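Some notes on the structure that comes next.
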Amino acid sequence: MGITKAIFLPLLCAFVVPVLPVWSAEDATCSTAEVCSIKAQLQTHPDYLLLRDLARKGPMGREAGSLVTELLEHPDWVLRENAARALGFIDYPEAIPNLGKLLNNSSNAVLSLIAAESLGRIGDGRAIEFLEPVAESHWFPAVRNAAKTAIFNIENNRIKGVRAVLFNVQPWDASASPTGDPFSLHPSVCPLALLYRR
């Protein structure tokens with residue numbers, strides 16, 4: 001029996017262990033297997049559909065927030081916009097400074113609008129310092145309106161918990177979106193806004 005173990009263990013280490021998946025401490029913190037899968041796929045091949053699926057998880061997808069925040073610098077503007085939107089739905093407050101920088105993006109008004117909406121969804125008072133100047137002086141009216149709405153949502157954040165209890169509505173509920181899709185465009189965005197993307 002001792003000889004069998006002496007032969008078996010080196011073979012196990014040589015052939016089986018290298019093909020086992022490597023787990024990090026960050027993987028151990030995943031709330032669900034689906035969130036872990038989305039995180040792994042975002043690291044290798046980020047795409048719009050993954051961000052949409054993560055947004056539908058709501059705060060359960062928060063542990064992927066650091067990966068999504070990195071996508072705000074991605075060269076593809078579609079991924080940047082969808083990453084900004086997903087950060088609001090997963091309620092990731094660590095992204096507030098990054099989203100605040102996007103509010104004055106002169107080359108993409110839609111990205112600025114999405115950043116304002118996401119800051120309002122997150123509902124953290126630290127975002128007001130970024131939103132107030134935009135609400136007053138942004139060149140695009142839809143962005144100004146989104147910033148004003150976000151400020152209103154943040155200032156009324158104190159009643160969010162009461163609203164959820166009284167009306168059984170969760171702030172991350174996808175049905176709160178007019179179309180039921182967390183990635184639908186804000187109704188105040190006119191088709192002309194698409195012309196301002198560079």
Looking at region 70-85, which of its residues are under 15 Å from Lys57 (Cβ atoms) and either among the small types (Gly, Ala, Ser) or in a loop (DSSP other than H, G, I, E, B) (or both)? Ala83
Condition (residue is modelled with pLDDT of 90 or more, within 17 Å of Leu49 (Cα to Cα) and among the aliphatic types (A, V, I, L, M)) applied to region 87-96: is it met by at least one residue? yes
Just to check your reading of the model, which residue among Ala14, Ala25, Ala40 is at pLDDT below 95 and assigned to a loop (DSSP other than H, G, I, E, B)? Ala25
Out of all the residues in region 109-126, which are within 21 Å of Leu67 (Cβ to Cβ) and not β-branched (Val, Ile, Thr)? Leu111, Ala115, Glu117, Ser118, Leu119, Arg121, Asp124
So for region 112-126 (the condition being among the aliphatic types (A, V, I, L, M), closer than 19 Å to Ile151 by Cβ and surrounded by fewer than 24 Cβ atoms within 10 Å (Cβ to Cβ)), does at least one residue qualify? no
Enumeration of residues in region 86-110 that are part of a helix (DSSP H, G or I), surrounded by fewer than 24 Cβ atoms within 10 Å (Cβ to Cβ) and in contact (Cβ under 8 Å) with a residue 60 or more places away in the chain: Ala109, Val110
Going through region 115-145 in order, the residues found to be in contact (Cβ under 8 Å) with a residue 40 or more places away in the chain and among the aliphatic types (A, V, I, L, M) are Ala142, Val143
Kindly indicate whether Glu117 is within 16 Å of Arg52 (Cβ to Cβ), at pLDDT 95 or above and assigned to a helix (DSSP H, G or I). yes
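The values are calculated or read from the model by the stated rules, or taken from the named source; none is laboratory data. Predicted, not measured: the structure shown is a model, and the values here were computed from it. With ideal geometry, Cβ positions are generated from the backbone for all residues, glycine too; neighbour counts draw on all protein chains shown.
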